[in-house]
Amino acid sequence: MLLRKVSQSSSLCGTVLRMPPVMSGGQRQAVAAMQNKRLYASQAQAVLEKQAAVGSDAASKVEKTTVAAESKSFAVNIFKGQIATPQVFPYPSVMNEEQEQFLRELVGPVSKFFEEVNDPAKNDVLEKVEDHTMQGLKEMGAFGLQVPADLGGLGLTNTQYARLVEIVGSHDLGVGITLGAHQSIGFKGILLFGNPAQKEKYLPKLASGENIAAFCLTEPASGSDAASIKTTAVQSPCGKYFTLNGGKIWISGPPEKKMGIKASNTAEVYFDNVRIPADCVLGEVGGGFKVAMNILNNGRFGMAAALSGTMKGVITKAVDHAANRTQFGNKIHNYGAIQEKVARMSMLQYVTESMAYMLSGNMDSGASEFQIEAAISKIFASEAAWTVTDECIQIMGGMGFMKDTGLERVMRDLRIFRIFEGTNDILRLFVALNGFQAGLGSGLTLQGTVHPELAQSGELTAKAIEQFGAVIEDLLIKHGKKIIDEQFLLKRVADCAIDLYAMIVVLSRASRSLSQGHVSAQHEKILCETWCLEAHARIMQEIKTLRSSESRQLFKNLRAISTAVVDNGGVFAPHPLGF
């Protein structure tokens, strides 16, 4: 499959592209993703150009552009200091009776398979998924979870998929990446944008696991800066094929030596005058950037689901140890230091899980705007899972440091999640720059939306959104389109947006539990209240920093320190002993 802007003239054959190949047996069918823009920053700049015209008249007013349709995205609207509830309240319940029953029938066998058949430690040592495990996964249909049933898959919804991915994530992230790289991004373009002939040709063998798909993104000299990629596609004068030349790295295939996710193999892929039939183009010629972005955006919710499962498993280990370990004459779970750790670990897992199923529910309900929320969920989940696992090791002390406990493998596996599918640093810019637009709300309230028992948390959230919208307008007035270069500010803007989205998803989920009288409702209320209280404080501090003239000096200092260290090739200050 080819996607992206492809040159239709032999005189315009220098078009830059990015290529995901579908690898089957000994032969790789090329899947090309053309790219001639910066992946995140320039896309966000286009948003700025279209949506935020900034003036600097005496009244310092922002010229507000007219948009054809109001966004229903909660994340988009908070940048305008407004609250849009359609996609966040009530907390989604999207499965019908038949879908729920089918999922219940799958959860048991999948859980049993990972408990009794899959051996994550052995996969890690072998640096591959054991053959009998791979065969079992194929027989279960794990390689085609969302492929339609008539094409050989299980035909799962996003919510059903998230639930099974959560189970995988709780047991073995290496297997999770093996499955996820294949279907969450690997053949997702065919699933979303393929025509009937393309789907019938490729999806059955991909769903069975006979063929394995990959999405080739990175080049040796090009990571997040997709504008610098060198791979090219040249269309033949006859228009019947494209010739691909270039190389991609870190692609699913024969193994490279890695820190973690060792069971998920990674390799380099090179194309040397590879001819790809023109009927492999995904969608319309010239529409590949949209295809590529949709593939990435569509797959990110699965990461939050998987890592919520990872955190569940880790918390279970921590709690088991804390409940049985006696020190100073008492079980250590009775000490405040341990209680705070367990509480914060639980809140991070609750928020991540709430984000994952909010997103999958939105997607299953037909929402088209969830790009910012998906990026937020990836950032939050990857950082939360690292923190939770690190704290689990701390609770378990020396025992947690031992290899047999399995936590060191989880830590190694987790480290990649802040890097791939958009580094968290780049995704923070994506969140901030795609959100920036003119607008200002006032008198905001969530009264009547959140459960009455969560009214105070709802009020904190509404006030934070109002303040956030105001500071966004201030920044637009001050910096205009040059805001794209203010990364110190953008990071803090993104952190506010992440906290705000986290607040709203837990408010929504806890409100549903209280309304339905769940056994866990009061516990969820406490989780929600505690999270919102601390998140509100963080947001207010970040807003203070964004507005403070003193922060300019702080950012100047940080830039100066970094410059000195880089120019020196390492630490600049001399050793205190003088030699």
Inset, instruction - May I ask you to list the residues of region 297-323 whose amide nitrogen lies under 14 Å from a point 7 Å from Cα along the Cα→beta-carbon direction of Ser520? - result: 308-313, 315-316
Inset, instruction - Of the options Ser513, Phe488, Ile465, report the single residue whose Cα projects farthest towards the positive end of the charge dipole of region 455-522 (beta-carbon charges: Lys, Arg +1; Asp, Glu -1). - result: Ser513
Legend entry - ³J(HN,Hα) computed for each position of region 307-314 - Karplus, 6.51 cos²θ - 1.76 cosθ + 1.60, integer Hz, glycine/proline x: 6, 5, x, 4, 5, 4, x, 5
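Taking the Cα centre of region 362-465 as origin, work out the dipole magnitude from +1 charges on Lys and Arg Cβ and -1 charges on Asp and Glu Cβ, in debye rounded to 20. Please report the intermediate quantities before stating the final value.
Values: 8 positive and 13 negative charges, 52 e Å.
For region 362-465, the charge dipole is close to 260 debye.
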Inset, instruction - Rounded to the nearest Å, what's the spacing between the alpha carbon centres of region 326-363 and region 380-411? Just the number, please. - result: 13 Å
Inset, instruction - Pull up all non-local amide H partners of Ala267: gap of 5 or more, or a different chain, and H-to-H distance under 5 Å with H placed in the peptide plane. - result: Trp250, Ile251, Ser252, Gly253
Legend entry - Cα-based radius of gyration of region 91-132 once divided by 2.2 N^0.38 Å, which approximates compact folds: 1.70
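Please go through the residue pairs Lys138/Lys378; Lys262/Lys525; Lys205/Lys378 and name each one whose alpha carbons sit more than 32 Å apart in this structure. The partial results should precede the final answer.
Details: Lys138/Lys378 27 Å; Lys262/Lys525 39 Å; Lys205/Lys378 29 Å.
Table pairs above 32 Å Cα-Cα are Lys262/Lys525.
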Legend entry - Listed residues Gln541, Ile416, Gly397: farthest to the positive end of the dipole of region 395-545 (Cβ charges): Ile416
Legend entry - Within region 119-251: Cβ-based charge dipole about Cα centre, in debye rounded to nearest 20 (Lys, Arg +1; Asp, Glu -1): 560 debye
Legend entry - Intensity falloff of region 431-579 expressed as log10 I(q)/I(0), Debye formula with alpha-carbon point scatterers, at q = 0.22 Å⁻¹: -1.29
Legend entry - Euclidean distance of C-alpha centroids, region 497-575 and region 181-199, integer Å: 36 Å
Inset, instruction - Any lysines with Cα under 22 Å of the Lys80 Cα? List them, leaving off those in the same chain fewer than 8 positions away. - result: Lys50, Lys61, Lys64, Lys72, Lys463, Lys478, Lys481, Lys482, Lys491, Lys544
Legend entry - Vicinal HN-Hα couplings computed from phi for region 79-84 (Karplus, 6.51 cos²θ - 1.76 cosθ + 1.60; Hz; Gly/Pro x): 5, 9, x, 10, 10, 10
Legend entry - Counted charge near Gln99, where neighbours are those whose Cβ lies closer than 12 Å (Asp, Glu -1; Lys, Arg +1): -3
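Only the coordinates and a few stated rules stand behind these numbers; no lab work does. None of the values given here were measured: they were computed from a predicted structure. Heads up, the Cβs are rebuilt from the backbone with ideal geometry, glycines too, and the neighbour counts pull from every protein chain shown.
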